[in-house]
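Enquirer: One structure is given below, represented as structure tokens, and several questions about it will come after.
The values are calculated or read from the model by the stated rules, or taken from the named source; none is laboratory data. The shown structure was predicted, so the numbers you read here are calculated from the model rather than taken from an experiment. For neighbour counting, all protein chains shown are included, and Cβ atoms are generated from backbone atoms with ideal geometry for every residue, glycine included.
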Amino acid sequence: MKVMVAVKRVVDYNVKIHIKTDGSGVDLSGVKMSLNPFDEIAVEEAVRLKEKGFVSEISVVSIGDRSCQESLRTALALGADKAIHIETSFETQPLGVAKALKELVNRERFHLIILGKQAIDDDYNQTGQMLAALLRWPQGTFVSQLTIVGEEIEVVREVDGGLETLKMPLPAVITTDLRLNVPRYATLPNIMKAKQKPLEVISAEALGIDLRPHLKTLTIVEPSKRKAGIKVADVDELLEKLHKEAKVI
Ligand code: AMP
């Protein structure tokens with residue numbers, strides 16, 4: 001069984017981001033970038049399935065400029081077998097990414113595609129769903145547990161009301177939630193080995209896909225600052241403020 005995992009390079013989750021002064025986007029200069037955390041979980045899950053003997057080969061795919069090869073090398077160090085970089089200078093958006101991943105499925109037979117539930121930079125939470133629709137494959141989103149049973153896959157999904165268990169035939173598209181697993185760290189020997197693993201670069205044009213963005217960002221603003229709190233002398237003053245100023249009672 002062959003697995004494809006989609007990985008995106010995003011601003012590291014520990015970084016406090018700053019908005020550019022013209023409000024056109026996030027200032028990325030000198031900012032630490034990392035593998036999207038949900039994609040790290042996706043790679044880990046594929047590696048665990050391989051260790052259990054269900055998977056023969058793991059391909060990791062990233063779409064973007066040359067810098068996303070860094071994320072692909074990280075994914076290779078975590079245990080993926082080969083990497084595909086779809087090169088584009090456009091800022092990627094879910095529909096374009098889903099179309100690009102679909103093209104790869106037309107080139108090579110994958111039985112399972114694992115994506116993160118969302119990229120933490122744009123928070124779209126759309127790519128996996130769009131890919132499943134384009135491929136007409138079943139999808140299991142927000143997955144916190146995954147089991148392969150013969151030609152089928154059983155997944156536990158984190159939904160508002162609790163946990164939902166679904167079974168679906170393979171091939172399928174899965175998106176990972178936080179509690180699916182705890183990813184391993186890449187060891188130094190594996191980081192070294194990853195440099196020798198195959199990394200294929202394909203231009204978006206050669207793949208025949210149009211990655212031009214369909215959405216235009218009009219403006220980005222920082223969340224409004226919280227006002228400092230105040231101390232009240234007693235309960236009467238608190239009630240008065242809740243009544244007159246906050247108007248909640
Ligand atoms: P999104 O729909 O943008 O929140 O992204 C959901 C998931 O789609 C991510 O966690 C990745 O697995 C995948 N994805 C999104 N953008 C890219 C990209 N440029 N390259 C590779 N995978 C991506």
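Enquirer: Taking the stretch 4-21 only, how many residues are within 13 Å of the ligand (Cβ to nearest atom) and hydrophobic (A, V, I, L, M, F, W, C)?
Expert: Of the residues in that region, 5 qualify.
Enquirer: While we're here: Checking SER24 against (1) free of Cβ contacts under 8 Å to residues at least 60 places away in the same chain; (2) more than 13 Å from the ligand (Cβ to nearest atom): exactly one of these is not met. Which one?
Expert: Result: SER24 fails condition (1) only.
Enquirer: Specify the residue that is nearest to SER62 (Cα to Cα); the eligible residues are those in the stretch 202-249 that are part of a helix (DSSP H, G or I) and in contact (Cβ under 8 Å) with a residue 12 or more places away in the chain.
Expert: So in the stretch 202-249, the residues part of a helix (DSSP H, G or I) come out as 204-207, 235-244.
Those left that are additionally in contact (Cβ under 8 Å) with a residue 12 or more places away in the chain: 204, 207.
Details: ALA204: 11, LEU207: 14 Å.
Looking at the filtered set, the residue picked out is ALA204.
Enquirer: Related question: Do we find that HIS18 is exposed (fewer than 14 other Cβ atoms within 10 Å of the Cβ) and touching an Asp or Glu at 6+ places or on another chain (Cβ under 8 Å) in this structure?
Expert: Details: exposed (fewer than 14 other Cβ atoms within 10 Å of the Cβ): yes; touching an Asp or Glu at 6+ places or on another chain (Cβ under 8 Å): yes.
Yes: the conditions hold for HIS18.
Enquirer: Let me ask something else. Scan ARG157, ARG136 and give me the residue that is closer than 22 Å to ALA98 by Cα and exposed (fewer than 11 other Cβ atoms within 10 Å of the Cβ).
Expert: After applying the criteria, what remains is ARG136.
Enquirer: Mind checking which residues of the stretch 156-168 are over 13 Å from ALA132 (Cβ atoms) and not acidic (Asp, Glu)?
Expert: Scanning the stretch 156-168 gives VAL156, ARG157, VAL159, GLY161, GLY162, LEU163, THR165, LYS167.
Residues checked against (1) at pLDDT below 95; (2) away from the ligand (no atom under 12 Å from the Cβ); (3) closer than 20 Å to MET1 by Cβ; (4) aromatic (Phe, Trp, Tyr):
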| site | (1), (2), (3), (4) |
| --- | --- |
| LEU28 | yes, yes, no, no |
| LYS50 | no, yes, yes, no |
| VAL61 | no, no, yes, no |
| LEU78 | no, yes, yes, no |
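Enquirer: Could you list, in sequence order, the residues of the stretch 104-125 that are buried (at least 16 other Cβ atoms within 10 Å of the Cβ), among the charged types (D, E, K, R) and either modelled with pLDDT of 95 or more or touching a strand residue (DSSP E or B) at 6+ places or on another chain (Cβ under 7 Å) (or both)?
Expert: LYS117, ASP121 - these are the residues of the stretch 104-125 that are buried (at least 16 other Cβ atoms within 10 Å of the Cβ), among the charged types (D, E, K, R) and either modelled with pLDDT of 95 or more or touching a strand residue (DSSP E or B) at 6+ places or on another chain (Cβ under 7 Å) (or both).
Enquirer: The conditions are (1) in contact (Cβ under 8 Å) with a residue 60 or more places away in the chain; (2) over 24 Å from LEU72 (Cα atoms), and GLN145 fails exactly one of them. Which is it?
Expert: The failed condition is (1).
Enquirer: Something else now. If we only count strands (runs of 3 or more DSSP E) wholly inside the stretch 97-201, which ones have 1 or more residues that are away from the ligand (no atom under 16 Å from the Cβ)?
Expert: 139-149, 152-159, 162-169
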